[in-house]
1. If you rank 337, 388 by how much accessible surface each has, with a 1.4 Å probe, what is the order from largest down?
2. Taking a spot 7 Å from the Cα of residue 354 along the direction of its beta carbon, which residues of the stretch 373-415 have an amide N less than 16 Å from it?
3. Would you mind getting the accessible area per residue of the stretch 326-412, heavy atoms of the protein chains only, 1.4 Å probe, in Å²?
4. With a 1.4 Å probe and all protein chains left in place, how much of the accessible area of the stretch 351-415 comes from carbon and sulfur atoms, in whole percent?
5. Considering only 401, 342, 360, whose Cα is most displaced toward the positive end of the charge dipole of the stretch 326-412, charges sitting on Cβ of Lys, Arg (+1) and Asp, Glu (-1)?
6. How high is the FRET efficiency from residue 210 to residue 250, r the C-beta distance, R0 45 Å, rounded to 0.05?
7. In debye, nearest 20, what is the charge dipole magnitude of the stretch 260-341 about its Cα centre with +1 on Lys and Arg Cβ and -1 on Asp and Glu Cβ, if you could check?
8. Would you mind calculating the gained length between residue 412 and residue 220 on full extension (0.36 nm times residue separation, minus the Cα-Cα distance), in nm to one decimal?
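The values are calculated or read from the model by the stated rules, or taken from the named source; none is laboratory data. Keep in mind that what you see is a predicted model, and the values were worked out from it rather than measured. Methodologically, a virtual Cβ is constructed for each residue, glycine included, from the backbone with ideal geometry; neighbour enumeration extends over all protein chains shown. Side chains are part of the model used for accessible areas, which takes the heavy atoms of the whole protein and leaves out ligands, DNA and RNA. Shrake-Rupley method; radii C 1.70, N 1.55, O 1.52, S 1.80 Å.
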Amino acid sequence: MLGDDDFTSWIAPLSAVEEKPQSIKVTSDNSIVTDWVRDHLLRDIETVAKSQFGAEFRILLADDSPSPQEVSPQVDSLPGHPLNNQFTFSNFVVGPSNQFAAAAAEAVSERPGQVYNPLYLYGGSGLGKTHLLHAIAQALHSSRPQLRVQYFTTEQFVNELINCIRKKRMDAFRQTFRNVDILLLDDIQFIAGKERTQEEFFHTFNTLQSTGRQVVFTSDARPADIPGLEERLRSRFLQGLLADIQPPDLETRCAILREKARASGWDLLEDVVLFISRRVQKNVRELEGCLNRTLAYAQLTNRPITVDVVRTALSELLPEERTTTAADIIRFVAHHYGIRVADLKGRSNRRSIALPRQVSMYLIRKILNLSFPEIGRIFSKHHSTAIYAVDTIQKTRQSNPDFDATLTSFKENFT
Ligand code: ADP
Ligand code: MG
């Protein structure tokens with residue numbers, strides 16, 4: 001049996017286009033509804049119809065969804081937002097930090113309205129949210145061109161709304177936003193504190209969602225962390241799927257750099273890739289900025305791209321690059337293990353102190369390349385103690401993968 005909601009979502013939008021004694025042809029102007037009815041309900045509807053009108057009775061679905069021009073006449077709809085054709089799924093580098101969000105976005109582009117609705121992607125600035133949103137739009141444009149896909153920035157949504165209120169064109173506004181098959185709204189956090197916008201948006205969203213149409217949001221924060229967001233909107237956002245994007249790890253940053261360089265026709269040296277990736281950790285947009293600046297510099301000065309050239313090219317962008325000292329490393333290790341610098345440099349050989357001390361010696365050796373006597377002196381120890389420490393840590397890394405990963409992350413902090 002169908003519930004009221006199912007009826008409203010799937011049966012009510014259908015209308016008959018052709019009635020014959022032995023059949024009826026139905027359609028809807030929303031192809032998601034038509035698809036869903038075909039996949040899930042057609043047989044049941046037909047069974048009921050046969051019991052009423054005879055065993056020969058057929059229900060046909062008209063496949064003639066109106067063409068996009070017919071359904072959204074330019075005069076009455078608002079302009080969408082241009083899409084960046086570089087922002088596709090195939091250009092998106094997937095790593096542990098964004099895997100979940102990317103998979104959810106792809107699933108939505110394959111089965112809009114059927115899997116996660118709404119899909120809410122969130123994460124810090126420059127981590128690929130807009131990229132994924134454009135990718136959904138472009139995948140749908142090519143796989144299902146009959147669908148009306150609208151991408152809007154929230155800023156644009158708010159401006160259109162204000163404009164339409166002022167010009168008394170709310171019908172055009174509603175038509176644009178309520179008649180789409182898929183609504184992609186970027187940076188929804190900008191709706192915060194704008195009451196009238198939230199009100200209008202709530203109704204738009206309800207209309208879309210209750211008729212099975214896909215909505216995807218991006219935001220720089222999870223719904224609970226957007227101040228000034230109405231409770232009813234907050235809870236609507238939580239009805240579908242929340243997927244976060246974290247800053248990419250070193251490996252993913254390297255892969256992104258290689259991909260972006262390749263797209264511009266460059267093949268970078270591995271140490272150049274590492275050099276740039278290590279210095280920009282939190283924001284892919286900045287990472288890309290560094291790459292573009294490097295490429296431009298190399299072209300203008302007609303020099304090959306080496307680490308030295310990159311260092312010069314990026315010297316203004318990366319002023320924070322300063323030389324690490326042994327004291328920095330010792331402070332870092334002490335902090336990590338929750339002990340005092342004085343302990344690290346002291347005499348105690350308790351394991352809780354000795355291990356961090358060995359780690360410090362190891363890192364100083366690997367990162368600063370100091371000699372063993374120099375390292376020994378820092379800790380008031382004999383140089384053989386430093387040799388032993390470096391050797392021990394090396395061996396432990398080889399036998400203990402967790403420890404190895406910890407040390408890798410320690411080193412990333414300094415290089
Ligand atoms: P956000 O909307 O999260 O602020 P964008 O989607 O605008 O970030 O991404 C910023 C830039 O970083 C874009 O040029 C985008 O192509 C790029 N980018 C981010 N993540 C990736 C990724 N995983 N693979 C490739 N490019 C990425
Ligand atoms: Mg964005």
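1. Accessible-area ranking of 337, 388, largest first: 388, 337.
2. Hits in the stretch 373-415 for residue 354 at 16 Å: 381-382, 384-396.
3. Counting only protein heavy atoms, the per-residue value for the stretch 326-412 is 56 Å².
4. On the stretch 351-415, the fraction of accessible area on carbon and sulfur atoms equals 50 percent.
5. With unit charges placed on the Cβ atoms, the residue in question is 342.
6. 0.50
7. The dipole magnitude comes to about 220 debye.
8. 66.5 nm
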